[in-house]
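I have placed the structure first, in the form of C-alpha cells, so that the comments after it can refer back to it.
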Amino acid sequence: MKKILLLGSIVSPCPPDKQGGTERVAYYQAKHLAIHNLPLIFIGAKGTKNNFKAELIFEKEQKINLILKNIEFIEIGGGTGFGKN
C-alpha cells in the first residue's frame with residue numbers, strides 16, 4: 001500500500017509546545033489525513049511521536065487509535081530542544 005510522506009521539522013518536535021508555524025501545520029495535516037484513513041509516514045525531530053500523542057488528549061479514544069494506526073513516525077536528529085512537551 002502506498003503512503004503519504006509528510007515532513008514536519010528536523011529542528012523542533014511536531015507539534016511544538018506553545019508554538020505554531022510549519023510544525024503545527026504539519027501536525028494538523030497528518031492528523032486529518034489519518035482520520036480519513038490515509039496511511040502516512042511522518043518525519044520529524046526527536047520527540048515528535050510523544051508531542052503528537054500528547055496533543056491528541058482532546059480527541060475521543062476511538063479517533064486517537066485511528067490516527068495513530070495510520071501514522072508511522074520516523075524521528076531524526078536531536079533537534080534543538082525547543083518545543084518539547
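Rounded to the nearest 500, the helix-only mean residue ellipticity at 222 nm of the chain stands at -11000 deg cm²/dmol, with each DSSP H run of n ≥ 4 adding -39,500 (n - 2.57). Taking a ≥ b ≥ c as the square roots of the eigenvalues of the Cα gyration tensor, the chain is oblate, since a/c reaches 1.5 or more and a/b is not larger than b/c. Output the 0 to 90 degree angle, nearest 10, between the alpha-carbon long axis of helix 22-35 and the longest principal axis computed from the alpha carbons of the chain. The answer is roughly 20 degrees. Annotation for H32 and I4: the two label points, set 7 Å from Cα along the Cα-Cβ direction, are 0.9 nm apart.
Just so you know, all these numbers are worked out from the coordinates, no wet-lab data involved. All values reported here derive from a predicted model rather than from experimental measurement. Reconstructed Cβ throughout: ideal geometry from the backbone, glycine too, with neighbour counts over all protein chains shown.
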